[in-house]
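Below is one structure, written out as structure tokens; the observations come after it.
The values are calculated or read from the model by the stated rules, or taken from the named source; none is laboratory data. Keep in mind the model is a prediction, meaning the values are calculated, not measured. All Cβ positions, glycine included, derive from the backbone under ideal geometry; neighbour counts span all protein chains shown.
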Amino acid sequence: MSSRERIFTDSLFGVQIIGALAFCGAYIVQSLSDVTGSSAAQTALVATYLLFHISLGIAAHRAAPDRLSRQAVATYVVWFVLTLAMIGAIVTNPAYAWNEKDSTILALAGLLTVAVLATAAVQQRPLADPMIKAWFAIAYKSVPQVLLAWKFLAEGASGTPGLSVVVGHFTILIRLAQLYFMVRASGLDRNRYWLAISESANEVSWVIATIAWLSV
């Protein structure tokens, strides 16, 4: 990697961390006064999704250690910590109440968990297989994010600030760019491949949630 590319990729990492702080910070501040459309279930599943991405990032680094894979792991760790803070902000607001939509989101995640486990058993893949980890990540982020759109349409979405909506897209695209440079630097192993698949699904589902957010 040239010095110019290294500076560029380091800049992407820095902007990604700033974006994480902006996304979660805006959401946390908003949640202190307004949790309309917010879902503790969906946000908790996001934290679980991030654990799978941390695992995929660590496995990618072990397969082909480089600076970019270390940055990827650090990125997901930062998002995980901030997501826990978001959960705290939601559930400590007295206005927040668990409802049937939260239960539906959690129930669907449970069904998808069974489906992924069954797929792993049929294909005789260990749970540590990158594809299985990615399918768990999709089950806990992308699919619940589509149901979050349903919650927005049914209840309103004022609890989700516009800054978080916009920055959410921006940070996903930056992570995809970071993965592109990871592949350029160290090759396409299955961990990097499935990280890209999961992040792509994440963007598609966030587009759906954004359309719902704009509609209310």
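Values computed for the structure shown
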| quantity | calculated |
| --- | --- |
| So G14, is it touching a residue at least 24 places away in the same chain (Cβ under 8 Å), under 30 Å from I132 (Cα atoms) and assigned to a helix (DSSP H, G or I) | no |
| Criterion (of a type in the set (S, T, Y), in contact with a helix residue (DSSP H, G or I) (Cβ under 8 Å, 6 or more places away or on another chain) and over 25 Å from M182 (Cα atoms)) met by exactly one of Y140, Y96 | Y96 |
| Pair list, Cβ under 8 Å, 6 or more apart: region 162-191 residue within 20 Å of I58 (Cβ to Cβ), other residue among the acidic types (D, E) and at pLDDT below 95 | F181/E5; M182/D66; A185/D66; S186/D66 |
| Failed criterion for Q178 (all others in (1) more than 18 Å from the chain's Cα centre (by Cα); (2) among the polar types (S, T, N, Q); (3) farther than 25 Å from Y96 by Cβ hold) | (1) |
| Search result, residues across region 49-77 that are among the polar types (S, T, N, Q) and surrounded by fewer than 18 Cβ atoms within 10 Å (Cβ to Cβ) | none |
| All positions within region 76-107 that are more than 30 Å from Q16 (Cα to Cα) and either β-branched (V, I, T) or not in a loop (DSSP other than H, G, I, E, B) (or both) | E100, K101, S103, T104, A107 |
| Qualifying residue in region 82-102 (condition: more than 18 Å from A201 (Cα to Cα), exposed (fewer than 12 other Cβ atoms within 10 Å of the Cβ) and under 21 Å from the mean Cα position of the chain (by Cα)) | no |
| Cβ-Cβ under 6 Å pairs, at least 6 apart or on other chains, region 38-51 side in a helix (DSSP H, G or I), far side of a type in the set (D, E, K, R) | A41/D102; V46/K141; Y49/K141 |
| Search result, residues across region 132-173 that are hydroxyl-bearing (S, T, Y) and within 12 Å of the chain's Cα centre (by Cα) | Y140, S142, T171 |
| Region 181-216, residues that are modelled with pLDDT of 95 or more and farther than 20 Å from I138 by Cβ | W213, L214, S215 |
| Count - residues of region 23-43 that are more than 15 Å from the chain's Cα centre (by Cα) and under 20 Å from L147 (Cα atoms) | 6 |
| Complete set of residues in region 55-69 that are touching a residue at least 24 places away in the same chain (Cβ under 8 Å), part of a helix (DSSP H, G or I) and touching a helix residue (DSSP H, G or I) at 6+ places or on another chain (Cβ under 7 Å) | S55, L56, G57, A59, A60, A63, L68, S69 |
| Odd one out for G162 among (1) farther than 21 Å from I54 by Cβ; (2) buried (at least 21 other Cβ atoms within 10 Å of the Cβ); (3) small (G, A, S) | (2) |
| K151 vs. criteria crowded, with 21+ Cβ neighbours inside 10 Å and either in contact with a Lys or Arg (Cβ under 6 Å, 6 or more places away or on another chain) or aliphatic (A, V, I, L, M) (or both) | yes |
| Yes/no for S215 being closer than 15 Å to Q145 by Cβ and polar (S, T, N, Q) | no |
